[in-house]
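Novice: Next up is a structure, given as structure tokens.
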Amino acid sequence: MQTGRSPEKLRETLGDYDDLCIQLLAERGFDFATYAVLDGEFPVSAGDADGWLITGSRFGVYEDHSWIPPLESFLRAAYSESVPIVGICFGHQILAQALGGKVEKSCAGWSVGVVDYAIDGFESTLPLVAWHQDQVIVPPAEARTIGFSDSCPHAVLAYGDRALTIQPHPEFTSEFLAGLFEARRHLLPSDRLESGLRSLEQEVSSAPIARAIAEFFQRRR
């Protein structure tokens, strides 16, 4: 479920947000179909797929866009029917909001670049790409926090067998992140831009998260 688009120059060379998610989960036994929900393109029902992945977006989940309320309704239906849901960044936030959690701009400001996340089940922190101001401030009652960073206390949420959501972007590569800094540097305070650019020296470790997402979708229920 595509809720945003990558910058045009990056889209031409590295792909759009749905492409990046497909690449993340390539060769893991999945078939994919994209619904551009930001254009009002929705599945007929929650059962139209065996699972749903909601992409990132430059939009805020609390903003007044015509496609956001029906997306929340769709996710509540999928959740109630136990159709597995994975959310990334905006997807992480929209499911939390749809189920009664609170999302807002963090008092910590922008989190951009390669950031270390502590996640249950991993012996050491994982360096993943962050690109957000908004974050889940209060998780829904159904959610359990299983991952965090220094500036994002609810970075990974688990909803039993029904949903797994993550604030950072495991689908973003170092190359894509470098392009994102170039395309959207005007949005960032100078100190966050500088620290984010320095973080490019750190290798991104997305493979363990890709494996966790695949195992979540393939779990017997």
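Laboratory data are not the source of any read-out in this text; all were calculated from the coordinates shown. Just so it is clear, the model here is predicted, and its values are computed rather than measured. Quick reminder, even Gly has a Cβ in these numbers, built from the backbone with ideal geometry, and neighbours come from all protein chains shown.
Novice: Counting only C-alpha contacts under 8 Å and six or more residues apart, can you give the relative contact order of the range 69-221 as a whole percent?
Specialist: The normalised contact order for the range 69-221 reaches 25 percent.
Novice: Helix-only estimate, please: 222 nm mean residue ellipticity of the chain, summing -39500 (n - 2.57) across DSSP H runs of length 4 or more and dividing by its residues, to the nearest 500.
Specialist: That comes out to -9500 deg cm²/dmol.
Novice: Rounded to the nearest Å, what's the spacing between the alpha carbon centres of the range 123-164 and the range 29-102? Just the number, please.
Specialist: So the separation of the two Cα centres works out to 17 Å.
Novice: Let me check I've understood the local charge: for residue 160, count other residues with C-beta under 9 angstrom from its C-beta, Lys and Arg +1, Asp and Glu -1. What total comes out?
Specialist: Details: positive: 144, 162; negative: 142, 161.
Local charge sum for residue 160: 0.
Novice: In Å and whole numbers, how far do the C-alpha atoms of the range 86-199 stretch along each principal axis, longest first?
Specialist: 38, 30, 21
Novice: Taking the Cα centre of the chain as the origin, how large is its charge dipole in debye, to the nearest 20, when only Lys and Arg (+1) and Asp and Glu (-1) carry charge on their Cβ atoms?
Specialist: 380 debye
Novice: Lys/Arg Cβ at +1, Asp/Glu Cβ at -1, dipole of the chain taken about the Cα centre: which of 65, 103, 170 is farthest positive-ward?
Specialist: Towards the positive end, the residue furthest out is 103.
Novice: Whose amide H sits under 5 Å from the amide H of residue 146, counting only residues 5 or more places off or on another chain, with H placed in the peptide plane?
Specialist: 156, 157, 158
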